[in-house]
Amino acid sequence: MPRLLIVDDDHTMVSLLKTLLGYDGFEVATAPDGASATAQARDFRPDAFLVDYYLTDCAGTDLVARRRSDSLFRDAPISLASGIESEAEALASGADLFLEKPFNPAALVSVLKRLLGH
């Protein structure tokens, strides 16, 4: 079962994504900000990350760059998401993929499975 860490402070969206992805075979953990994401990543050991561009304590691009500098997660697929077009910044920070919000649920599941090689 692939493990995904969602880093986003939108509790409603995170709850919906956790339910949706759980039905599709993902084990999902969540973190509302960059600081808790770092601790959660160490404890949960996700196979992939879904990170919001705008976090309360840091930019999502900063969190992506920190994961890329961490040998434990250097190769983990990271999707950066935003409601505004910021694909160039997302990819420059080290994200594998930029996703524009709102998500199409079926497309999101398909994209995440493809990133994980499933």
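Excluding residue 12 itself, what net charge comes from residues whose Cβ is under 14 Å from its Cβ, given Lys and Arg +1 and Asp and Glu -1? Don't skip to the end; give the middle numbers.
Working: positive: 18, 101; negative: 8, 9, 10, 52.
Neighbourhood net charge equals -2.
Taking the Cα centre of region 3-115 as origin, sum charge times position over the Cβ atoms of Lys and Arg (+1) and Asp and Glu (-1), and report the length of that vector in debye to the nearest 20. If you can, show how the numbers build up before the last one.
Working: 11 positive and 18 negative charges, 87 e Å.
Using only the charged Cβ atoms, the result is roughly 420 debye.
For region 68-111, take the convex hull of the Cα atoms, compute a quarter of its surface area, and give me that in nm², please.
Numbers: hull surface 13.4 nm².
The orientation-averaged projected area of the Cα hull of region 68-111 comes to 3.3 nm².
Could you compute the net charge surrounding residue 87? Neighbours are other residues with a C-beta less than 13 Å from the C-beta of residue 87; K and R count +1, D and E count -1. List each step's numbers first, then the result.
Values: positive: 101; negative: 85, 89, 96, 100.
Charge balance in the 13 Å sphere: -3.
Give me the one-decimal nm value for the distance between modelled label points at residue 104 and residue 84, 7 Å along each residue's Cα-to-Cβ direction.
2.5
Taking region 39-104, which trypsin sites (Lys or Arg not before Pro) meet the DSSP loop condition and have no more than 11 other C-beta atoms within 10 Å?
Values: sites: 42, 66, 67, 68, 74; in loops: 74.
Hits after loop and neighbour filter: 74.
Quick one, can you get me the convex hull of the C-alpha atoms of the chain expressed as volume per residue in Å³? Mind dumping the intermediate values first?
Values: hull volume 10.5 nm³, N = 118.
In the chain, the Cα hull volume divided by residue count equals 89 Å³.
Quick note: the coordinates plus some simple rules give every number you see, no bench work behind them. This structure is a prediction, so every number in the text was calculated from the model and none was measured. Cβ atoms come from the backbone with ideal geometry, glycine included; neighbour counts cover every protein chain shown.
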